[in-house]
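Undergrad: Here it is, the structure in full.
The values are calculated or read from the model by the stated rules, or taken from the named source; none is laboratory data. Remember, it's a predicted structure, so these values are computed and weren't measured experimentally. Reconstructed Cβ throughout: ideal geometry from the backbone, glycine too, with neighbour counts over all protein chains shown.
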Amino acid sequence: MSEPAGPLRLDAPREEVLEHAAKLVAEAWQSFDRFRPEEPPLDERVRQLLRTELPEGPTAAHEALDDAARILDESIAQPRPRYFVGVGSSGLEIGTIADLLAHTYDVNLAVDARAATQIEKQAIRWAAELIGYAPDAAGAFTSGGTVSNATALAAAREHALPGSRHDGIGGRRVAVYCSQEVHYSITRAVETLGVGSRNLRAIPLGPERGLIPEALAETIDRDLADGVTPIAVVATAGTTLTGAIDPLEEIADICEERGIWFHVDGAYGLPAVLARAESFRGFERAASVAVDAHKWLYLPKACGILLVRRQEDLVRSFAHEQGYLPHQQHDLHAMETTFEYSRPFRALKFWLAMRVHGADAFREAIERNLGEARLLYDTVSVREDFDVLGPPKLSIVAFRHRPAGVTDLDDHNRRLADAIQADGRVWMSSALIDEQVWLRPCFVNFRTTEEDVLDVVDIAAEIGERLAAEA
């Protein structure tokens, strides 16, 4: 049977184009299995494409796909085993295939999508079960921690100030509480929701870099006595800067005693509960929890997960009536519990990954990353030419080069981070911690090996010694 004629048809049989695309994907996966010696510069073909004006006519599909693959290969790809900047993604293969299937059917989860809607609900239950949260949790898949955190704080605002979604906060004095190293998405959320970043109370850090619970309680009680309404306390289960975990059990006690919404931002670190449950004790008491499956559950972006104990809290914050949306049903539509309307079928890649690999495989991979962080810490700790911030809380290790004769270590390590990226054998950046510059690799890739970890040290030392000699 021939393909139908008409506009927006491919210039080759669909099966051939798909086969060619699959070949390119397979080549990329193969290249991710081992590190490559450098990040290639933009070649002349890519530079030529960047100069191209809007095409008025078609290009052969095979040629365009080859150009796209070339562009991607010359981009910074987080799935590569030596990408250690920020908190990267791994691009798990089954997740890539799930995205292909989901985008092929172009399912929209704003309203009832039948089987896909039910699968998302099942995937939410699986996610809650995976991390040990409320067994009857509700929630949704989001684009990531920023939307998850903003959605949770919208529910917290309506919980603390019923009717504020309609009336606004007005002249009422409110506050949200967090640690000094909370992720900036919380700042964005309180600004967007009308709480205002001026009313974000940053609680000082204790020796383990989590917020001090006594200082939190004192700040809340002082606000209450002064007529301020607490909206929520945001605890971080794995800060992006150092991997620190706020004292979750104590924070849960403080919130329960005062009737305050307790939200856990576990976008990066919470999956480690699979291997280090004792470090996260108390998170299960939170009213809401954010996890990014595209971080330490290895899935391709975007795949954030918001979990809440009570679905009605989301309904109170987002449900409304519109004539163009059907409400003749007993079940809620997703758009009545989420910030987004049109939503892709993000849940499919989590659901498919759990079916194909099983929870134990993810537990093993996380344990391996934790071991890699410990290996890096142990390796630099015994060397005289490196300082290390402290034992890793999770999979982030902050260390810096300290060559003989160099007095300005901040400037040296800032230049070292730039030189490491220019070198390209590993991809690592610097971070400012306590007003000092540190190198800050983060291990959240299932492809990373012990060889990659040890080479981080050797490459940093090699380049650092060269910079010191040149200076």
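Undergrad: If you check D410 against the conditions, is it free of Cβ contacts under 8 Å to residues at least 40 places away in the same chain, assigned by TED's automatic domain parsing to the domain that holds R368, more than 14 Å from Y83 (Cβ to Cβ) and not aliphatic (A, V, I, L, M)? Give the steps one after another, and end with the answer.
TA: Values: free of Cβ contacts under 8 Å to residues at least 40 places away in the same chain: yes; assigned by TED's automatic domain parsing to the domain that holds R368: yes; more than 14 Å from Y83 (Cβ to Cβ): yes; not aliphatic (A, V, I, L, M): yes.
Criteria met by D410.
Undergrad: Looking only at residues that are among the aliphatic types (A, V, I, L, M) and over 30 Å from L205 (Cβ atoms) in the stretch 434-460, which one is nearest to the chain's Cα centre (by Cα)?
TA: L454
Undergrad: If we scan the stretch 253-276, do we find a residue that is in a strand (DSSP E or B), of a type in the set (D, E) and in the same structural domain as L314 (by TED's automatic domain parsing)?
TA: yes
Undergrad: Given the residues R165, R209, R198, which is the only one that is among the charged types (D, E, K, R), more than 21 Å from G266 (Cα to Cα), modelled with pLDDT of 95 or more and out of contact with any Gly (no Cβ under 7 Å at 6 or more places or on another chain)?
TA: R198
Undergrad: All but one of (1) of a type outside the set (S, T, Y); (2) modelled with pLDDT of 95 or more; (3) over 29 Å from R440 (Cβ atoms) hold for V107; which doesn't?
TA: Failed condition: (2).
Undergrad: Could you go through the stretch 142-157 and let me know if any residue there is of a type in the set (D, E, K, R) and assigned by TED's automatic domain parsing to the domain that holds A232.
TA: Looking through the stretch 142-157, at least one residue is of a type in the set (D, E, K, R) and assigned by TED's automatic domain parsing to the domain that holds A232.
Undergrad: Which members of the stretch 198-226 meet the condition of being among the charged types (D, E, K, R) and either buried (at least 19 other Cβ atoms within 10 Å of the Cβ) or outside any loop (DSSP other than H, G, I, E, B) (or both)?
TA: R198, R201, R209, E214, E218, D221, R222, D223
Undergrad: Under 9 Å between Cβ atoms, which residue pairs at least 6 apart in sequence (or on different chains) link something in the stretch 218-245 that is free of Cβ contacts under 8 Å to residues at least 60 places away in the same chain with a partner that is buried (at least 17 other Cβ atoms within 10 Å of the Cβ) and acidic (D, E)?
TA: A235/D246; A235/D265; T236/E181; T236/D246; T236/D265; A237/D246; A237/D265
Undergrad: Tell me, which strands (runs of 3 or more DSSP E) lie completely within the stretch 387-471 with 2 or more residues that are touching a Gly at 6+ places or on another chain (Cβ under 8 Å)?
TA: Counting at least 2 such residues, we get no strands (runs of 3 or more DSSP E) at all.
Undergrad: Quick one: which residue in E93, E19 is charged (D, E, K, R) and in contact (Cβ under 8 Å) with a residue 12 or more places away in the chain?
TA: The unique qualifying residue is E93.
Undergrad: Please indicate, with yes or no, whether at least one residue in the stretch 38-58 is of a type in the set (S, T, N, Q) and either within 25 Å of I94 (Cα to Cα) or within 30 Å of the chain's Cα centre (by Cα) (or both).
TA: No, that holds for no residue.
Undergrad: Does G95 satisfy the criteria of being part of a loop (DSSP other than H, G, I, E, B), outside the structural domain of L348 (by TED's automatic domain parsing) and under 20 Å from the mean Cα position of the chain (by Cα)? Break it down into steps so the answer makes sense when it comes.
TA: Working: part of a loop (DSSP other than H, G, I, E, B): no; outside the structural domain of L348 (by TED's automatic domain parsing): yes; under 20 Å from the mean Cα position of the chain (by Cα): yes.
Judged against the criteria, G95 is not a match.
Undergrad: Let me ask something else about it. If you scan the stretch 378-407, which residues turn out to be basic (K, R), surrounded by fewer than 20 Cβ atoms within 10 Å (Cβ to Cβ) and in contact (Cβ under 8 Å) with a residue 24 or more places away in the chain?
TA: Matches in the stretch 378-407: R383 only.
Undergrad: Out of the residues in the stretch 370-386 that are in a helix (DSSP H, G or I) and not aliphatic (A, V, I, L, M), which is nearest to R276 (Cα to Cα)?
TA: Of everything passing the filter in the stretch 370-386, G371 is nearest to R276 (Cα to Cα).
Undergrad: From (1) in contact with a helix residue (DSSP H, G or I) (Cβ under 7 Å, 6 or more places away or on another chain); (2) within 29 Å of S395 (Cβ to Cβ), pick out the condition that doesn't hold for R125.
TA: If we test R125 against (1) in contact with a helix residue (DSSP H, G or I) (Cβ under 7 Å, 6 or more places away or on another chain); (2) within 29 Å of S395 (Cβ to Cβ), just (1) comes out false.
Undergrad: List the residue pairs whose Cβ atoms are under 6 Å apart, where the first residue sits in the stretch 158-170 and is of a type in the set (G, A, S), the second is surrounded by fewer than 18 Cβ atoms within 10 Å (Cβ to Cβ), and the two are 6 or more positions apart or on different chains.
TA: A160/T229
Undergrad: Select from the stretch 303-324 the residues that are hydrophobic (A, V, I, L, M, F, W, C) and at pLDDT 95 or above and list them in ascending order.
TA: Hits for the stretch 303-324 are C303, I305, L306, L307, V308.
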